[in-house]
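J.: Shown below is the structure under consideration.
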Amino acid sequence: MKHRNRLLMSGLLALTMGLGVSSTAFAYQDELSRKSPNYNASFVLEMNKVLTSQDYGAWKELVEDNIGVVDEVITADKFEKFTEAWKLANQGKIKEANAIRKALEQEAKIV
């Protein structure tokens with residue numbers, strides 16, 4: 001269970017950071033100019049649209065079969081915090097975004 005939570009939160013952090021730091025590409029192996037082999041431009045554009053509009057239902061549909069089990073951790077109750085962290089990271093406010101991510105991670109460990 002502990003391993004699953006770590007894996008889940010790592011995936012959540014990677015997703016949020018990837019979308020927050022760059023709206024057009026995921027950071028790949030610490031090189032911002034390189035795209036991951038799993039990069040999908042249409043998925044990134046759709047994710048940006050869904051997170052900008054704070055549409056939990058559309059987000060859940062988008063990630064359900066694509067990104068591990070993040071949809072089991074980020075519930076409707078936590079989605080507002082999740083999108084807030086994404087927006088802050090997108091604005092370059094990484095410390096503030098990380099504080100929210102850490103709180104979400106702690107909540108996931110409690111559950």
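We did not get these values from a lab; they are worked out from the coordinates using the rules stated. Small disclaimer: the values here were computed from a predicted structure and weren't measured. Glycine gets a Cβ as well: all are built from the backbone with ideal geometry, and neighbour counts include every protein chain shown.
J.: Can you give the charge dipole size of region 72-111 about its Cα centre, rounded to the nearest 20 debye, using +1 on the beta carbon of Lys and Arg and -1 on the beta carbon of Asp and Glu?
T.: 220
J.: Output wanted: per-residue J couplings in Hz (rounded whole) for region 77-88, from phi through Karplus 6.51 cos²θ - 1.76 cosθ + 1.60, θ = phi - 60°, x for Gly and Pro.
T.: Working through the residues one at a time gives 5, 9, 5, 4, 4, 4, 5, 5, 4, 4, 5, 4 Hz.
J.: Considering only Val70, Gln91, Tyr56, whose Cα is most displaced toward the positive end of the charge dipole of region 46-95, charges sitting on Cβ of Lys, Arg (+1) and Asp, Glu (-1)?
T.: The Cα lying farthest towards the positive end belongs to Gln91.
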